[in-house]
Amino acid sequence: MGKLEDVEAEKKVWESDDAWELRRAFMLAHYDDYPKIQLQCLSQLFINVKLLGCEYSESLMQKIQTMGAGIAASKDRTKSGNYVKASVAKKRQAVKPSDLEGASEEAKCPKIEKSPEPANSEAFNERLEQLKSSLAQTPHHLTGEQMIKAATNACMMKWYVKKVNQKVEIHIDRFVAFRHTFSQYCVDVNDCAINALIESILSCNMAVNDDGDEIRFNGVPADECYAKSVERRLLKIKSGIAGGAHNLKGLSTQLESVNMSLIQNAKKLEGWSQQLDLVTADLLIGSRILSSTECTKPAMASIADEMSSQVCQLILEGTINVVNSIKSHSSLEFQV
């Protein structure tokens, strides 16, 4: 297939002729400069900036401006002329009740814009690859929520979080991408869920399941997305563990590099004994019942180092298997 035919095949069923004419010119101009998936993402960013007025990081805006030089000069206004830039839209005044007087009941109801429905699962899977490419280019100094918002906006996709108590679901368009019930000890469940979803998007192959209701990462159901993300992140710090200290501080440093914090939970039991738990990303990585003589600060610090050393050894062996748990103090545990 030649360059022209390859680019022509990229037209999506939901694209207007005006938008496609611009994106087609952009892709042809840079066809030989970028991998196909990256070029698809950049072309969509170009459309978002030129036609919708979207704004991104300074470096990305400069890149789009440079790549689009000479392409959009005669296309800033489309044939329909109906596009309104985001910067202009923000200045619009809110609609007052009096503005709706005399309007029909249908006109009074706000219309919710929906993202374009893919023609089939294969078409949506292609858009997921664009989402991965867009997310990979999003500045990583942003929060997880800002990253996923920027990436989905660039790909004209919708996303939202549904939370009931400690149960969190994340949807991308009409598909469930993440579902997990966190323990009561997990402080920021939204942040944990979004970070796990971002890691899954960047690390895995994505596809809609046969039933058409979930996005699965490496074939894993949405209910197991969090467990598998934590498992992968533990394996990613293997090289750091190998060259670092095998104690609480060393393990904590490595975990922070993959957006996981290490927490010590000490719970009083009957008498003078206590239970010491080590938890990271709502995963119980160690638990010890301490006798009365072990409940001093120096003794507990030494025991925490010992428990951390055992976890480090487990990571180095590469035999980690994280599964969902029903324990009250964590939602995940190591499978024995």
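The values are calculated or read from the model by the stated rules, or taken from the named source; none is laboratory data. Note that this is a predicted model, so its numbers are computed, not measured. Neighbour counts run over all protein chains shown; Cβ positions are idealised from the backbone, glycine included. Side chains are part of the model used for accessible areas, which takes the heavy atoms of the whole protein and leaves out ligands, DNA and RNA. Shrake-Rupley method; radii C 1.70, N 1.55, O 1.52, S 1.80 Å.
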Legend entry - Net length gained if the chain between GLN264 and GLU122 were fully extended (0.36 nm per residue, minus Cα distance): 46.6 nm
Legend entry - Sites ALA301 and SER257, calculated FRET efficiency, Cβ-Cβ separation with R0 25 Å, nearest 0.05: 0.65
Inset, instruction - Determine the per residue accessible area of the stretch 143-294 with all protein chains present and a 1.4 angstrom probe, expressed in square angstrom. - result: 47
Legend entry - Gain upon complete extension [SER328, GLN65; 0.36 nm per residue less C-alpha separation]: 89.4 nm
Legend entry - Across LYS267/LYS297; LYS163/LYS267; LYS11/LYS36, pairs whose alpha-carbon gap is larger than 21 Å: LYS163/LYS267
Legend entry - R0 of 30 Å, Cβ-Cβ distance VAL161-GLN335: FRET efficiency to nearest 0.05: 0.60
Legend entry - Spacing of the two label points (7 Å from each Cα toward its C-beta) at GLN313 and SER292, in nm: 3.1
Legend entry - Inter-part distance where the stretch 237-276 and the stretch 181-195 are each reduced to a Cα centre, Å: 18
Inset, instruction - Would you mind getting me the FRET efficiency between SER16 and TRP272? Use the beta-carbon distance for r and R0 = 51 Å, nearest 0.05. - result: 0.10
Inset, instruction - Could you order LYS132, LYS11 by accessible surface area, starting with the largest, using a probe radius of 1.4 Å? - result: LYS11, LYS132
Inset, instruction - For ASP191 and ASP223, compute 0.36 nm times the residue count separating them, minus their Cα-Cα distance, and round to one decimal in nm. - result: 9.8 nm
Legend entry - Relative contact order [Cα under 8 Å, 6+ residues apart], the stretch 230-336, whole percent: 27
Inset, instruction - Could you rank TRP20, TRP159, TRP272 by how accessible they are, 1.4 Å probe, largest area first? - result: TRP272, TRP159, TRP20
Inset, instruction - Would you kindly find the accessible area of HIS141, with a 1.4 Å probe and non-protein molecules such as ligands, DNA and RNA excluded, rounding to the nearest 10 Å²? - result: 150
